[in-house]
Amino acid sequence: MSSGQSNSLGTAYNTSLLPSSAPSTPSISSAEDVISMPALLHDDNFSKGCVYGNDVVCSATLISTQMADVPLINHMFANNSAESFLSDNADTESIIPRCLGTSKDITFLEIGTFHSSAVNCCDLSSDGKLIATGGDKEVVLWCTDSRALKHILEGHSDAITDVRFGPRLPRLASSSLDKTIKIWDVHNPDHSIRSFTGHSASVMSLDFHPTKEDLICSCDNVSTIRYWNIKNGGCAGVSKVRATQVRFQPNLGKYLAAADADGVLLIDVETTQICTYPLKGHISIIRGICWSSSGEYLASLSEDMVKVWKIGSSGEQECMNERSVTGKRFRCCTFHPCYPSVLVVGSDQCLEFWHMAENKMMIVLEEPVNSLAASRPTGVVASATDNNLIRLWK
C-alpha cells in the first residue's frame, strides 16, 4: 500500500449531538492536574509567556490571555444563513492579526473570523484553501483566504454530525442524524454524487481512507461501522462496533481508530478485525480522537481527560502523555499542523494549546469551542465556537 498525503489532521463535532454521559466522580486534585509522562516530542523553545507587541504580559505554566484590541472590519452578509468577516473589496493586508501567544519558535495568530448560522463540525481541505462547516441541515463551503462563502450544500434532512474532505480528489463527505452519508464534488456541489444508506441509527462520524480514494467509513452510536465504495456505491464491509467517531490512520491507513463509550478501538482496515488491546483509561465517554500527521500518535479526549498514545506497527500502544482537569469539560482536539508536540484542545470554556513535552498550557481564546480542524500544508488551525464563529489561526 503506497503512502499518500492525508487530509486535515482532525475534526470533532458539536458534542451536544452526543449522548449524555454520567457525571464523573469529583476529583480532589487541583483544577488542572498534569500527569508527567515520557515526553512525546521535546521542544526546548516553548513559550514562556504571552506577548502583545513588545510588552510581556505574563509568564507561568498556565497562561491566561486577554483579547487584544483589534480594528474590526464591517460585516457583510453573504446570504440568510452565513456572513463573512471580510467584504469583497476588503484589503486583507490591512488586517492586524491578534497575537495571543508567542515564543522563540512558536507563534499563534488569529488571522481571520467569519460567522455561520450553525456549526456542529468543520474541516479544512488538504491544501487549506477551503473550509467546510456542518450545521442544522446544510454544509457550507468557505474560501479560507477571502473568508467568502463559496457554496451551500443542501440535501440532508437533519443536523450534520461530521464533514471530511478527501485527501487528494476534490471530494467532501458529510454525515447526518438523518442516517445518511453524502459525497459531494467540491467543484460542482449542486447535488451529491453519492448518497449512502444502511445505518439503523443516526450516523455520527465518517472519514476518507488516506490512500484508497474510493473508500470511506461511517459509524453510528448503536451497532455498526460501515465501509463504503464510492465508485460502485456499495457497502464494502461492516464491523459490529458502536462508535461516536472514526478516523483513519494518516499516510498508510493501516488502522481505523473508533471512539467507543469508554475507550478507543483500533481496527485493522484490511481484515476489519479489532486489535487485541483497546485504548483504555478514560472514566467518561470519549468525545474526540485525532491522529498526528505521521500516524504514529493518537490522541483520545473525554470530558475530564486527554491522553496521547504511541501506536506501534502491530497495533501495540503506549500512553505517552495525559492531562486531566476539573471545572471545565473538554470537547475536541487536533494536533497542531506545524508543531507535533502541541495539541490544540477545545472545551466548554476556552481554546488551549498544550505543549506536551513541557507540560504547559496556553489559553488562547476564552470562548467555548465545539469543533477543530487543521491543515498541515498551510499550518492553519480552524476553531468553531458555540456562538457559531469560525476562527482561523496560524
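The values are calculated or read from the model by the stated rules, or taken from the named source; none is laboratory data. Every value quoted in this text rests on a predicted model; they were computed, and no experiment measured them. Methodologically, a virtual Cβ is constructed for each residue, glycine included, from the backbone with ideal geometry; neighbour enumeration extends over all protein chains shown. To get the accessible areas, we keep the full protein, side chains included, count just its heavy atoms, and leave off ligands, DNA and RNA. Shrake-Rupley method; radii C 1.70, N 1.55, O 1.52, S 1.80 Å.
Give me D for region 220-272 in µm² s⁻¹, whole number, from Stokes-Einstein with Rh from the Kirkwood sum over alpha-carbon pairs, 4 °C and 1.567 mPa s. Write down the numbers at each step before the final one.
On the way: Rh = 11.5 Å.
Result for D is 112 µm²/s.
Ratio of Rg to Rh for region 120-238: 0.94 [Cα atoms; Kirkwood radius as inverse mean 1/r over pairs]. Ligands, DNA and RNA are left out, and with a 1.4 angstrom probe the accessible area of region 98-393 is 31 Å² per residue. Mean silhouette area of region 98-393, derived from the convex hull of its C-alpha atoms and averaged over all directions, reads 13.8 nm². When the alpha carbon gyration tensor of region 243-394 is reduced to an equivalent ellipsoid, the three semi-axes, largest first, read 24, 17, 14 Å. Potential lengthening of the chain between Ser117 and Thr326 amounts to 72.1 nm, from the contour at 0.36 nm per residue minus the alpha-carbon distance.
Surface composition of region 96-229: carbon plus sulfur atoms contribute 48% of the solvent-accessible area (1.4 Å probe, protein chains only, all chains present).
Sort Tyr227, Tyr339 by accessible area with a 1.4 Å probe, largest first.
So, going from the largest accessible area down, we get Tyr339, Tyr227.
Principal semi-axes of the equivalent ellipsoid, √(5λ) from the alpha carbon gyration tensor of region 209-297, are 21, 16, 11 Å from largest down. The label-point distance for Ser223 and Ile152, in a model that sets each label 7 Å from Cα toward Cβ, rounds to 3.6 nm. Residues whose amide H lies under 5 Å from that of Met204, counting only those 5 or more places away or on a different chain, are Cys219, Asp220, Asn221; hydrogens are built 1.01 Å from N in the peptide plane. Pairs exceeding a 31 Å alpha-carbon distance, out of Lys179/Lys231; Lys231/Lys394; Lys129/Lys212; Lys150/Lys310: Lys231/Lys394; Lys150/Lys310. For region 135-149, 3J(HN,Hα) computed residue by residue from phi via the Karplus equation (6.51, -1.76, 1.60; θ = phi - 60°) reads x, 5, 9, 10, 10, 10, 9, 10, 8, 6, 5, 8, 6, 8, 5 Hz, glycine and proline entered as x. Backbone N atoms of region 172-201 closer than 15 Å to the 7 Å Cα→Cβ label point of Ala236 belong to residues 173, 183, 196.
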